[in-house]
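Read-outs throughout are calculated quantities, based only on the coordinates presented, and are distinct from any laboratory measurement. Here the structure is a predicted model, which is why all the values come from computation and not from measurement. Here the Cβ positions follow ideal geometry from the backbone for every residue, glycine too, while neighbour counts run over all protein chains shown.
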Ligand code: ZN
């Protein structure tokens with residue numbers, strides 16, 4: 001009886017998963033293939049598929065199946081597919097039922113409208129035109145929060161949407177540590193200086209060829225992956241055997257390459273999810289923070305490290321005359337250049353988290369009405385000066401730079417920094433398990449890392465909570481900022497000659 005009900009639930013969730021992946025494919029097509037004039041009809045198609053999926057998922061039938069299966073699920077082995085599926089789905093279902101459909105619809109309408117306003121406001125450096133739509137998005141977010149039972153802080157509710165079970169208090173504790181220990185590193189490096197960037201020239205076709213060689217060495221295969229150019233790179237796909245990553249190419253630097261390695265990390269996480277979880281809500285990465293740990297790992301801990309370049313630098317020189325006269329050591333320093341800058345997405349490993357802390361603090365101030373929205377640009381600029389020591393010349397390069405608030409996504413930013421921290425936490429474990437990792441990278445062999453990640457993390461998919469998942473990988477459910485700061489200090493001590501231990 002219970003098995004039949006479980007099969008019923010499983011079948012319904014499989015259909016909903018198919019609709020979700022259909023949405024992903026429509027989205028991938030929109031950003032990679034679709035001609036411009038397809039936009040308005042595509043918006044209708046995506047809204048329709050999304051609505052059908054949401055209605056199916058929040059139905060009373062799913063609720064009563066979950067009710068009937070609760071105690072049966074608890075009798076199953078905690079690690080079993082059955083127990084995990086019931087646990088995870090029950091929580092998703094309860095959460096989705098809290099928010100009335102008309103509020104959800106209003107939020108997505110408002111976000112769609114605000115996006116175009118934001119694009120124009122950013123282009124024209126005109127915060128005032130963005131203000132009314134930001135206010136509307138914020139009011140809707142507050143109404144959204146009101147749908148839930150706030151136990152401690154309102155920000156907890158939006159944070160939980162992106163990083164389940166994470167609390168504002170916990171993020172604040174972690175970020176306070178970074179303010180105390182990471183921010184001084186940036187100042188120490190600034191005082192040293194002396195690692196200037198050089199003007200470079202990278203051919204487009206050669207970049208394409210080089211990036212493919214890199215991701216193929218990492219584990220990209222033509223039968224299960226695609227790599228295509230787009231405006232704002234992302235990773236997507238329709239299942240564990242169909243992974244789509246995207247990139248862009250710049251004429252004067254290799255930012256596109258690092259972006260491609262980043263998206264490869266996201267793609268690999270999805271690629272190595274246990275295939276038996278396919279067509280269920282468990283067949284994906286567990287949280288945004290964990291996902292970002294994987295992308296940042298391939299981008300930075302692999303792609304900005306010496307062993308990687310010891311292998312790939314000769315090939316880089318073959319393809320690009322602009323680096324012909326360099327040695328691998330000067331190139332290594334060049335790709336690890338630290339400099340406080342205005343734009344988050346272009347910032348280096350040492351300053352990135354500070355951009356996030358600023359946003360985390362402003363988001364809470366907005367939700368708690370501690371800052372008037374008119375004052376937001378000034379608040380932004382003064383924090384940029386406090387944390388990074390730089391003056392913001394205009395709002396385009398300041399408060400208007402990110403897309404998130406135009407889409408109503410408040411609570412998303414912390415996951416980027418948490419991802420950085422988790423990547424170093426996992427890395428310490430990997431290096432302890434695989435002492436020959438550097439040597440294998442120098443040989444161009446990335447399989448040991450890829451397989452370790454598959455076996456210890458990726459195959460779990462979303463069977464557990466983010467905390468339970470982290471615990472299975474590193475032995476603790478707590479995100480620990482210390483390994484990241486340790487990693488940064490030792491790298492910067494090597495490159496810039498700063499002290500190996502804090503003063
Ligand atoms: Zn990412």
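Give me 16, 245 ranked fewest to most by other Cβ atoms within 10 Å of their Cβ, as a rough exposure proxy.
By the 10 Å Cβ count, ascending, the order reads 16, 245.
Is the shape of the range 325-370 best called rounded, prolate or oblate, per the rule: a/c under 1.5 gives rounded, else a/b larger than b/c gives prolate, else oblate, with a ≥ b ≥ c the square roots of the Cα gyration tensor eigenvalues?
Note, shape of the range 325-370 comes out prolate.
Could you sort the peptides 113-121, 27-35 by per-residue average Cβ neighbour count (10 Å cutoff), highest mean leading?
The densest-packed peptide leads the list: 113-121, 27-35.
Does the range 224-351 classify as rounded, prolate or oblate by the C-alpha gyration tensor (a ≥ b ≥ c root eigenvalues; a/c under 1.5 gives rounded; else a/b over b/c gives prolate, otherwise oblate)?
prolate
Estimate the FRET efficiency between residue 29 and residue 341 by the formula 1/(1 + (r/R0)^6), using the beta-carbon distance for r and 41 Å for R0, to the nearest 0.05.
0.75
Between residue 374 and residue 119, what is the label-to-label distance in nm when each label sits 7 Å out along the Cα-to-Cβ direction?
Each label point is offset 7 Å from its Cα along the Cβ direction, giving 3.0 nm.
What is the packing order of peptides 3-11, 274-282, taking the mean over residues of other C-beta atoms within 10 Å and listing the highest first?
Ranking the peptides 3-11, 274-282 by packing returns 274-282, 3-11.
Report, to two decimal places, the Cα Rg of the chain normalised by 2.2 N^0.38 Å (N = number of residues).
Here the answer is 0.98, to two decimals.
Using only DSSP helix segments of four residues or longer, with each worth -39500 (n - 2.57), what per-residue ellipticity at 222 nm results for the chain after dividing by its residue count and rounding to 500?
Helix-only estimate at 222 nm: -20000 deg cm²/dmol.
Pop the C-beta distance of residue 238 and residue 499 into the FRET formula with R0 = 30 Å and round what comes out to the nearest 0.05.
E(calc), rounded to 0.05, equals 0.05.
Ranked highest first by the average count of other Cβ atoms within 10 Å around their residues, in what order do 372-378, 82-88 fall?
82-88, 372-378
Given a Förster distance of 41 Å, report the FRET efficiency between residue 429 and residue 385 from their Cβ-Cβ distance, rounded to the nearest 0.05.
Plugging the Cβ-Cβ distance into 1/(1 + (r/R0)^6) gives 0.65.
Run the numbers on the range 131-244 and let me know its relative contact order in percent, using alpha-carbon pairs under 8 Å that are six or more apart.
11
If a/c stays under 1.5 just call it rounded; otherwise compare a/b with b/c (prolate if a/b is bigger, oblate if not). Do that for the range 2-146, with a ≥ b ≥ c from the square roots of the Cα gyration tensor eigenvalues.
Cα axes put the range 2-146 in the prolate bin.
Report the extension gain between residue 96 and residue 151 in nm, rounded to one decimal, defined as 0.36 nm multiplied by the number of residues separating them, less their alpha carbon distance.
18.0 nm
Please tell me the relative contact order of the chain in percent, rounded to the nearest whole number, where contacts are Cα pairs under 8 Å and at least six residues apart.
Relative contact order here is 20 percent.
Rounded to the nearest Å, what's the spacing between the alpha carbon centres of the range 276-348 and the range 469-503? Just the number, please.
17
Considering only C-alpha atoms, what is the centroid distance from the range 208-262 to the range 379-447, in Å?
With the range 208-262 and the range 379-447 each reduced to a Cα centre, they are spaced 19 Å.
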